[in-house]
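The values are calculated or read from the model by the stated rules, or taken from the named source; none is laboratory data. Just so it is clear, the model here is predicted, and its values are computed rather than measured. All Cβ positions, glycine included, derive from the backbone under ideal geometry; neighbour counts span all protein chains shown.
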Amino acid sequence: MIGYLQGRPLRFFTDHLILLVQGVGYEVHCSAQTLTDLEGKSMVEVWVHTHVREDALQLFGFSSEQERGLFLSLLKVNGIGPKSAMQILSGARSAQIIEWIEGANAGALSKLPKIGKKSAEQIVLTLQGKLVRASESGTSGRFTARSQIVSALVNLGFRLNDVERVVDQMPAETDFESGLRQGLAGLTA
């Protein structure tokens, strides 16, 4: 599975871009925030979630690991799929969305694209207390390590619900390497 790409943006569209990587053009679906971050740059790096369905393989790209982690967390909310999660991320910066979730501000969340009051309440109910931003000093916090562990295990082919169940049982201070080992052990037992 693809987890990261570095290349030259070939063409921008409203909800995706074509990223040229060593002669191959990848169609990468992105939030409006990520597209804005990448615009005007000759070389970019994109954190990727590879979404595999029965009839399609889609790449969802993010300008930061935090945004990718929030995307993966949104996917575990009932009724929110990859396209809905991308629309949510297009409505505000991921740090702001995390703040609204942690503050139980369903009113602010309901103003995001394609999110009604019930969906906003479901997001808060499912995710509140499970999202912690990376610390201000630049070192990784639980949210960043957790999102990296979840992304790595999903990209290895494990189901998101199974991965979330195992990762949620890990101590808050778990780093990426030990979390990956624990996750593999828990998912293959």
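Of the helices (runs of 4 or more DSSP H) entirely within the stretch 124-189, those holding at least 1 residues that are out of contact with any helix residue (DSSP H, G or I) (no Cβ under 9 Å at 6 or more places or on another chain) and at pLDDT 85 or above occupy 176-188.
For the stretch 17-29, filtering for residues that are surrounded by 13 or more Cβ atoms within 10 Å (Cβ to Cβ) and without any contact (Cβ under 8 Å) to a residue 24 or more places away in the chain leaves 4. Considered as a group, the residues in the stretch 62-85 that are in contact with a Leu (Cβ under 9 Å, 6 or more places away or on another chain) and more than 19 Å from LEU153 (Cβ to Cβ) include one that is surrounded by the fewest Cβ atoms within 10 Å (Cβ to Cβ), and that residue is GLY81.
Part of a helix (DSSP H, G or I), under 19 Å from ALA85 (Cβ atoms), touching a residue at least 24 places away in the same chain (Cβ under 8 Å) and in contact with a strand residue (DSSP E or B) (Cβ under 7 Å, 6 or more places away or on another chain): is that true of THR50 in this structure? Explain how you work it out, then say what you get.
Numbers: part of a helix (DSSP H, G or I): no; under 19 Å from ALA85 (Cβ atoms): yes; touching a residue at least 24 places away in the same chain (Cβ under 8 Å): yes; in contact with a strand residue (DSSP E or B) (Cβ under 7 Å, 6 or more places away or on another chain): yes.
Against the criterion (part of a helix (DSSP H, G or I), under 19 Å from ALA85 (Cβ atoms), touching a residue at least 24 places away in the same chain (Cβ under 8 Å) and in contact with a strand residue (DSSP E or B) (Cβ under 7 Å, 6 or more places away or on another chain)), THR50 does not qualify.
Going by what's in this entry, would GLY25 be described as touching a Phe, Trp or Tyr at 6+ places or on another chain (Cβ under 9 Å), at negative phi and among the small types (Gly, Ala, Ser)? Here the answer is no, as GLY25 does not meet what is asked.
Which residue is farthest from LEU127 (Cα to Cα), if the candidates are limited to the stretch 79-92 and must be outside any helix (DSSP H, G or I) and modelled with pLDDT of 90 or more?
Just the residues of the stretch 79-92 that are outside any helix (DSSP H, G or I), to begin with: 79-81, 92.
Imposing the further condition that a residue be modelled with pLDDT of 90 or more reduces the set to 80-81, 92.
Numbers: ILE80: 13, GLY81: 15, ALA92: 17 Å.
Filtering first and then ranking leaves ALA92.
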